[in-house]
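Worksheet: one structure, shown below.
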Amino acid sequence: MSSGVRRRMGVEERRQQLIGVALDLFSRRSPDEVSIDEIATAAGISRPLVYHYFPGKLSLYEAALKRASEDLASRFAEPHEGPLGARLLRVMGRFFDFVDEHGPGFSALMRGGPAVSVGEAPSMSHVSATNALIDSVRQAAYDQILSHLGVAEASPRLELVVRSWISLVESTALIWLDGRRIPRAELETQLVHDFAALAAVSAAYDEDMAALLRTMMKEEPADGPFADLVGRLIALGS
């Protein structure tokens, strides 16, 4: 039988709880629709106690964005096993899991956070911090892709391919959230195809990229996403 006595949380534990509660609420609705009172109720504490741990909704929102960015960046981590196409497809599955679960929060993060929607005018430091979070996600994704390609330092053309693809993934996800009009599984596969297509176009101009593309395709099985793209392109000409 429970004694009914609540365990008192430590300062950091309570802060982490509030961040988790806020992230859940911000993930489901835009920041301007979420109040401090609602966060306090969901956390089971009073409104003044929320302000004891965070000076305002903006600071709590920043903390929630930081946790979201770390989670999103981790979605690009993938064991270096099997062909690249299958690895990228698994990465896209986890990425869209996040997008699906945290729609409004993902949109706010990728668009630089709220302007004044959390009820407090953002300072330049807030804007810089939010941009830094976004850049950290993009850099983590970039580093992971290079690692999967077995490249320690990217050539200018390879850097262009990888960073362009990451931007494409972001913009595609944001567009998809507006109505989810394309089946998610198709979109994940299409983005993997997009990576191969960007690499192929660059390979037409650069021998190093051509060699990298040949390695990618050599390791790709007949039923893999890269081979599927080749088959679809051939079918278009028949």
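Give Leu49, Leu18 a once-over and let me know the one that is over 18 Å from Leu133 (Cα atoms), assigned to a helix (DSSP H, G or I) and open to solvent by 50 Å² or more (accessible area, probe 1.4 Å).
Details: Leu18 fails: open to solvent by 50 Å² or more (accessible area, probe 1.4 Å).
On inspection, the qualifying residue turns out to be Leu49.
Could you give every pair whose Cβ atoms fall below 6 Å, whose first residue belongs to segment 45-64 and is touching a residue at least 40 places away in the same chain (Cβ under 8 Å), and whose second residue is assigned to a helix (DSSP H, G or I) and small (Gly, Ala, Ser), counting only separations of at least 6 or pairs across chains?
Pairs found: Leu60/Ala22; Ala64/Ala22.
Hey, does segment 169-181 have a residue that's touching a residue at least 12 places away in the same chain (Cβ under 8 Å) and open to solvent by 50 Å² or more (accessible area, probe 1.4 Å)?
No, segment 169-181 has no match at all.
Please work out which one of (1) within 28 Å of the chain's Cα centre (by Cα); (2) surrounded by 14 or more Cβ atoms within 10 Å (Cβ to Cβ) is the condition Glu12 fails and give its number.
The one condition Glu12 does not meet is (2).
Regarding Phe95, is this residue among the aromatic types (Phe, Trp, Tyr) and either within 30 Å of Leu187 (Cβ to Cβ) or open to solvent by 40 Å² or more (accessible area, probe 1.4 Å) (or both)? Give the steps one after another, and end with the answer.
Numbers: among the aromatic types (Phe, Trp, Tyr): yes; either within 30 Å of Leu187 (Cβ to Cβ) or open to solvent by 40 Å² or more (accessible area, probe 1.4 Å) (or both): yes.
So Phe95 fits the description; yes.
Given the conditions (1) at pLDDT 90 or above; (2) under 28 Å from Ser128 (Cα atoms); (3) surrounded by 14 or more Cβ atoms within 10 Å (Cβ to Cβ), and given that Asp37 satisfies all but one, which numbered condition is not satisfied?
Every listed condition holds for Asp37 apart from (3).
Identify all residues within segment 146-158 that are touching a residue at least 12 places away in the same chain (Cβ under 8 Å), within 13 Å of Asp208 (Cβ to Cβ) and part of a helix (DSSP H, G or I); write none if there are none.
Leu149, Arg157, Leu158
Just to be sure before I move on: is Arg8 at negative phi and touching a residue at least 12 places away in the same chain (Cβ under 8 Å) in the structure I sent?
No, not satisfied.
Name the residues in segment 182-206 that are touching a residue at least 24 places away in the same chain (Cβ under 8 Å) and closer than 17 Å to Ile166 by Cβ, would you?
So in segment 182-206, the residues touching a residue at least 24 places away in the same chain (Cβ under 8 Å) come out as 184, 187-189, 191-199, 202, 205-206.
Once the filter is applied, which keeps residues that are touching a residue at least 24 places away in the same chain (Cβ under 8 Å) and closer than 17 Å to Ile166 by Cβ, segment 182-206 yields Leu187, Glu188, Leu191, Val192, His193, Asp194, Phe195, Ala196, Ala197, Leu198, Ala199, Ser202.
I'd like the residue in segment 117-131 that is small (Gly, Ala, Ser) and surrounded by 13 or more Cβ atoms within 10 Å (Cβ to Cβ) and, out of all such residues, is modelled with the lowest pLDDT.
The extreme case among them is Ser117.
So which of Glu219, Glu207 is open to solvent by 60 Å² or more (accessible area, probe 1.4 Å), more than 26 Å from Val99 (Cβ to Cβ) and at pLDDT below 90?
Working: Glu207 fails: at pLDDT below 90.
Criteria check complete, one pass: Glu219.
Taking segment 62-76, which residues are part of a loop (DSSP other than H, G, I, E, B) and open to solvent by less than 20 Å² (accessible area, probe 1.4 Å)?
The one that is part of a loop (DSSP other than H, G, I, E, B) and open to solvent by less than 20 Å² (accessible area, probe 1.4 Å): Phe76.
Of all residues being among the β-branched types (Val, Ile, Thr) and under 13 Å from Phe226 (Cβ atoms) in segment 189-204, which is most open to solvent (accessible area, probe 1.4 Å)? Just the residue, please.
Ranking the candidates gives Thr189 first.
Please state which one of Pro79, Pro104, Pro55, Pro114 is farther than 22 Å from Arg180 by Cα and either modelled with pLDDT under 90 or assigned to a helix (DSSP H, G or I) (or both).
Every option except Pro114 fails the conditions.
Give me the pairs, please: first residue somewhere in segment 207-235 and within 21 Å of Arg157 (Cβ to Cβ), second residue anywhere and of a type in the set (Lys, Arg), beta-carbon distance under 8 Å, and either six or more positions apart or on two chains.
Matching pairs, first to second residue: Asp208/Arg157; Met209/Arg157.
Determine the pairs where a residue that is open to solvent by less than 40 Å² (accessible area, probe 1.4 Å), located within segment 21-33, has a partner that is modelled with pLDDT of 85 or more and not in a helix (DSSP H, G or I) with Cβ atoms under 8 Å apart, the partner being 6 or more residues away or on another chain.
Here the result reads Ala22/Val34; Leu23/His102; Leu25/Val34; Phe26/Val34; Ser27/His102, each pair linking segment 21-33 to a residue that is modelled with pLDDT of 85 or more and not in a helix (DSSP H, G or I).
The values are calculated or read from the model by the stated rules, or taken from the named source; none is laboratory data. Since the structure is predicted, the reported quantities are computational estimates derived from the model, not experimental observations. Note that we place each Cβ from the backbone using ideal geometry, even for glycine, and neighbour counts take in every protein chain shown. Side chains included, ligands, DNA and RNA excluded: accessible areas come from the protein's heavy atoms. Shrake-Rupley method; radii C 1.70, N 1.55, O 1.52, S 1.80 Å.
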